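**Q** Let me begin by handing over the structure; questions about it come next.
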Amino acid sequence: MDIEFVRSRFIKHFDGLTGSVYASPGRINLIGEHTDYNGGFVFPGAIDKGMIAELRPNGTDKVRAYSIDMKDYVEFGLNEEDAPRTSWARYIFGVCREMIKRGVEVKGFNTAFAGDVPLGAGMSSSAALESTYAYALNDLFGENKIDKFELAKVGQATEHNYCGVKCGIMDQFASVFGKEGSLIRLDCRSLEYQHFPFKPEGYRLVLLDTVVKHELASSAYNKRRESCENVVAAMKQRHPEVEFLRDANMAMLEEVKAEVSAEDYMRAEYVIGEVQRVLDVCEALEKGDYETVGAKMYETHYGMSKLYEVSCEELDFLNDIARECGVTGSRVMGGGFGGCTINLVKEELYDAFIARAKEAYKEKYGKLPKVYDVVISDGSRKLC
Ligand code: GLA
């Protein structure tokens, strides 16, 4: 990502003046999928791909926003009724509103932004955009009085209130709190976190992008969350202490089997397993036991595909190829319904795996998967 590129477009599009420039990354997640809104653990890290935005207050009460990548311009006011219809602009509008709700006196500004996180690939391009603006508005209008936890919540609330996705906190948290070379073990209930240096000797992490996006992903996502809440409601009758599925175990799930739908049961079975898998992976990482880490990743893929049903044919295909090639761990990453697999692969198998995956995918689907090497990087920041 290139500041000069964004700056040149900002100058050209507006009045020739420069502003302040901010950046926030997308994320990967080693393990812990759909556990965040269940109060469980996740294991993300920020990546070297993200969003960059330049902003300059314009002395009006209007935001003038230019998407460099989409060559699209939108202008909107800052009151609740001013919500723009264009989807990318709703993220910026939502962040403005959520900052205003938290007492920041956001005024009009000119802005241009661009990014290199692939859209819809499960690397959280939207969280990168939200975090960039939350961080920027806090700096420009809020004297940096909003802390980083709250900045992450601003992005999450933007998704909930302005974009229709009832997401958890993982993506925004990773984007704001990322640290070069470290994954973050985050307890999504307490928001306690720990940076976990991740340099697996002899292994590489690589993403394979199916280049598939599924249209109904956000409504399907919200439905998964409802299933989890239904099961918690049923469990609460006997176990009032259960606040999230994180507090549950398989015995408790068996108790409510007759009271919940077969579908909700499967969803909860996956989540209960996944909460435990994150803890198992942490333990394995502490011992440098990457074989166990990888085995857990395959288990996650199975659960996401067969129980949570958020995989798709193309992702399952790439997962099978990984297994065939002897890749240590592989699974669908992020919300699912398309996007990437994340693969933990031994150095010496890397080239053969990538070549085989490309060839087989091309043969089956007529297109190449995209390949992204993972570089774990810093979170939200001001560039100049
Ligand atoms: C999306 C959401 C996150 C999380 C993941 C699945 O990325 O935004 O909150 O739920 O899906 O782990």
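Just so you know, all these numbers are worked out from the coordinates, no wet-lab data involved. Predicted model, so just to flag it, every value in this text is computed and none were measured. Cβ coordinates were reconstructed from backbone atoms using ideal geometry, including for glycine residues, and neighbour counts include every protein chain displayed.
**Q** Using Cα atoms only, what is the angle between the long axis of helix 125-141 and the major principal axis of the chain, expressed in degrees (0 to 90) to the nearest 10?
**A** 40
**Q** Based on other C-beta atoms within 10 Å, arrange M333, M99, M70, M266 from fewest to most.
**A** With the sparsest Cβ surroundings first, the list reads M70, M266, M99, M333.
**Q** List, in order, the whole-Hz ³J(HN,Hα) value for each residue of the range 197-202 obtained from phi through the Karplus relation with A = 6.51, B = -1.76, C = 1.60 and θ = phi - 60°; use x for Gly and Pro.
**A** Karplus-based 3J(HN,Hα) across the range 197-202 equals x, 10, 9, x, 4, x Hz.
**Q** When a/c is below 1.5 the answer is rounded, else prolate if a/b is larger than b/c, else oblate, so apply that to the range 203-374 with a ≥ b ≥ c taken from the square roots of the Cα gyration tensor eigenvalues.
**A** It comes out oblate by the Cα gyration axes.
**Q** At 7 Å along Cα-to-Cβ for each site, give me the label-to-label distance between A233 and K364 in nm.
**A** Reported label-point gap for A233 and K364 is 3.8 nm.
**Q** While we're here: What does the extension gain come out to for E291 and K306, with contour length at 0.36 nm per residue minus their alpha carbon separation?
**A** 3.1 nm is the gain from fully extending E291 to K306.
**Q** Quick check: residue separation of M250 and I3 times 0.36 nm, minus the Cα distance between them. What number comes out in nm?
**A** 83.9 nm
**Q** Further, regarding this structure: Between E226, E314, E286, where does the largest GNM mean-square fluctuation fall for the chain, given springs only between Cα atoms within less than 10 Å?
**A** Of the options given, E286 has the highest mean-square fluctuation.
**Q** Which angle between 0 and 90 degrees, to the nearest 10, do you get for helix 262-286 versus the longest principal axis of the chain when only C-alpha atoms count?
**A** Rounded to the nearest ten degrees, it is 90.
**Q** With a point put 7 Å past each Cα toward its Cβ, work out how far E348 is from T86 in nm, to one decimal.
**A** 5.3
**Q** Could you give the nm distance between label points at E313 and D139, where each point is 7 Å from its Cα heading toward the beta carbon?
**A** Those two pseudo-labels are separated by 4.6 nm.
**Q** Just to be sure I understand: with springs between alpha-carbon atoms less than 10 Å apart, which residue in V154, V74, V176 has the highest mean-square fluctuation in the Gaussian network model of the chain?
**A** Fluctuation is largest for V74.
**Q** Which angle from 0 to 90°, rounded to the nearest 10, does the C-alpha axis of helix 217-238 make with the longest principal axis of the chain?
**A** 60
**Q** If one computes the Cα centroid of the range 1-36 and of the range 117-187, what distance in Å separates the two points?
**A** Answer, in whole Å: 12.
**Q** Another question, if that's okay. Using alpha-carbon positions, what is the distance between the centroids of the range 264-332 and the range 356-371, in Å?
**A** Taking the Cα centre of each part, the range 264-332 and the range 356-371 sit 22 Å apart.
**Q** For L78, which sequence-distant residues (separation of 5 or more, or a different chain) have an amide H within less than 5 Å of its own amide H, given hydrogens modelled in the peptide plane?
**A** When sequence neighbours closer than 5 places are left aside, there are no close amide H contacts.
**Q** Can you put L151, L55, L119, L205 in order of Cβ neighbours within 10 angstrom, beginning with the fewest?
**A** Least crowded to most crowded, the residues run L119, L205, L55, L151.
**Q** What length, rounded to one decimal in nm, is gained on full extension from A262 through to S20, with 0.36 nm per residue of separation minus their alpha-carbon distance?
**A** 81.9 nm
**Q** Using modelled amide H (1.01 Å from N, peptide plane; none on Pro or chain starts), what sits under 5 Å from the amide H of T60, excluding residues fewer than 5 places away?
**A** The answer is G108.
**Q** For K166, which sequence-distant residues (separation of 5 or more, or a different chain) have an amide H within less than 5 Å of its own amide H, given hydrogens modelled in the peptide plane?
**A** Amide H neighbours of K166: N222.
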